[in-house]
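> Just passing along the structure, written as structure tokens.
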Amino acid sequence: MPSTALFRISAAALALGALAACSSTPAPTEQMAVTRTTVSRVAATPTVAASAPVDLQRAQEKLIQAERAMAQGDYKTARRLAAEAEVDARVAETRADAARNASNLAQVQDSIRALQEEINRRSPR
């Protein structure tokens, strides 16, 4: 009888251990690699640093926090922070693109104005 009780307790402990292992969050190694690459690529673009320094800094800080959480085994937090860092880096990149596009638009509008003035000067009155 005592060996049956011991067997049941052992089986229950094993089952609990298996459930705990299945429910644990896996390390977000792929997410971290993608985020590192994205943040590095965006940070290496000079226009991003000039046009969206706050967003870029936020992305870099969140990546550092994600790496810290990863090292401490807090994979859920690491995954969340890595995703946020990637989004912040992409926002910085998008802001830089928008600033560049606005500059290009202003140049085109200036060219159109100059051409219109030239046409107006040359047209017979």
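A short reminder: the numbers here are calculations on the coordinates, not readings from a lab. Since we're looking at a predicted model, the values are computed, not measured. Virtual Cβ from ideal backbone geometry, glycine too; neighbours counted across all protein chains shown.
> Which three semi-axes in whole Å describe the equivalent ellipsoid of the stretch 26-125, each the square root of 5 times a Cα gyration tensor eigenvalue, listed largest first?
46, 9, 8
> Can you run phi through the Karplus equation (6.51, -1.76, 1.60; θ = phi - 60°) for the stretch 61-66 and list ³J(HN,Hα) in whole Hz, with x for Gly and Pro?
5, 5, 5, 4, 5, 5
> If packing is taken as the average number of other Cβ atoms within 10 Å across a peptide's residues, how do 84-91, 68-75, 109-116 rank, most packed first? Spell out each step's value before the answer.
Details: 84-91: 20.8, 68-75: 14.5, 109-116: 10.0.
Result, highest mean Cβ count within 10 Å first: 84-91, 68-75, 109-116.
> Taking a spot 7 Å from the Cα of Arg68 along the direction of its beta carbon, which residues of the stretch 84-116 have an amide N less than 18 Å from it?
Backbone N within reach: 84-86.
> Tell me, Arg79, Arg36 in order of fewest to most beta-carbon neighbours within 10 Å?
Ascending Cβ contact count within 10 Å gives the list Arg36, Arg79.
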